[in-house]
1. How large is ³J(HN,Hα), in whole Hz, for each residue of the range 101-117 in order, when computed from phi with the Karplus curve 6.51 cos²θ - 1.76 cosθ + 1.60 and θ = phi - 60°, using x for Gly and Pro?
2. State the answer as a single residue: which of A186, P168, P203 lies farthest towards the positive end of the charge dipole of the range 159-203, with beta carbon charges of +1 for Lys and Arg and -1 for Asp and Glu, about the Cα centre.
3. Checking a compactness column here: for the range 14-136, what do you get for Rg(Cα) / (2.2 N^0.38 Å), N being the number of residues?
4. Using the Karplus curve 6.51 cos²θ - 1.76 cosθ + 1.60 with θ = phi - 60°, what ³J(HN,Hα) values do you get for each residue of the range 17-34, in whole Hz, with x for Gly and Pro?
5. Going by how many other Cβ atoms sit within 10 Å of their own, how do E124, E301 line up, fewest first?
6. Beyond 26 Å, what share of the Cα-Cα pairs of the range 226-342 is found? Please give it as a whole percent.
7. At 7 Å along the Cα-to-beta-carbon direction for both T2 and N59, put a label point, then send me their distance in nm to one decimal.
8. List every residue whose amide H lies under 5 Å from the amide H of H260, counting only residues 5 or more places away in sequence or on a different chain, with H placed 1.01 Å from N in the peptide plane.
Amino acid sequence: MTSFNIENPAVSLGTWVVVSGVSGFIGSHVADQLLKARYKVRGTTRDSKKNAWIEAHFNQAYGSGSFELVEVPDMTANGAFDNVVQGANGFIHVANDMTGSKDPDVAVERAVRGALNALRASAEAGIKRFVYTSSSFAATQPKPNKSFKIAHDTYNEEAMKRAWEPEPGTEDIYSASKVITERRIAAWIKENKSTMVVNAVLPNANIGPVINASKQGYPTSAGWVKALWDGNYDVVKKAPPQHYINVQDDARLHVIALAHPDVASERIFAVAGPVNISTIIDILRKSFPRKEWRNVPEDGEDLSTFEQMPKAEALLKKVYGAGFISLEESVRANAQELATEL
């Protein structure tokens, strides 16, 4: 059982923290971990009616008035977050607008505008800590069977070039949007001589339990286990070997980025170890032997090394008393609700 423990947190316990994109896979877990740490959460969503379930869920779990849901239909609109930040002490910007994901100019412009809207609103409201959910893809994309190192200041310059080539891949555009948004946030802080502390969290593939699968489904990398469970092996063929992070560990690292007074101007790489689809199948076969599991063609390994990975785990151990959750436990947690069908 993990418990949050930071002496003299940079954001006082019991105060309001804004979480954008709160109904998503990562955002909902960030809210959950903040509430566990005794913060209050004001979450934003594009559709408050559709996602009203999350307000009911968290207020039932953590007490009435601990969570508020606010609709922000377009985070790129001028002043999108101006009302949301009133009375808040921290902001975690998880939301990621993939509109224009096939057009780099549109995708990057929307990502930057949404992040800067959140940043400006936070600064004007006197918020002192801001966390941006970036991605390990801002540093590198998977390169199976190749050994290389990723440092604290590694950026995905290859994707930056490919994203503006004819017919660029969606992953290249996504990667470029994260690189540019990180840089634009840093530039804004410098240009405006802001004293607000900004940290970025860079997760790779999130695996683990979904807060409410009936409402959220199994989005992004949580869908790998769901696809394998349903026998839809073609869905996971496009997933190359890469690194995983348990979504709860990812959320805890976001809380650390917000609250730890010694963590400032950091890129926290939320990566716990390598993963490929074959390994996930092996775990599922061992965990659920009554189901039939097919093998997939050998898909190689992620041989990259994230130099900051030990630092992220050390922060988890210091603040929560435990290191990274294992891949096996993460996969089993991802499949837990599906297992009720057996």
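The numbers here are math on the coordinates, done by the rules we state, and not lab data. Owing to the predicted nature of the structure, the values given are computational and were not obtained by experimental measurement. Methodologically, a virtual Cβ is constructed for each residue, glycine included, from the backbone with ideal geometry; neighbour enumeration extends over all protein chains shown.
1. My calculation for the range 101-117 gives 5, 9, 10, x, 5, 5, 4, 5, 4, 6, 4, 5, 4, x, 5, 5, 4 Hz in order.
2. Going by the charge dipole, the pick is A186.
3. Dividing the Cα Rg of the range 14-136 by 2.2 N^0.38 Å gives 1.01.
4. Rounded to whole hertz, the list is 10, 8, 10, 7, x, 6, 8, x, 4, 6, x, 5, 6, 4, 4, 4, 5, 4.
5. Fewest-to-most Cβ neighbours within 10 Å comes out as E124, E301.
6. So the portion of pairs separated by more than 26 Å is 30 percent.
7. 2.8 nm
8. The list, which skips near neighbours in sequence, is A10.
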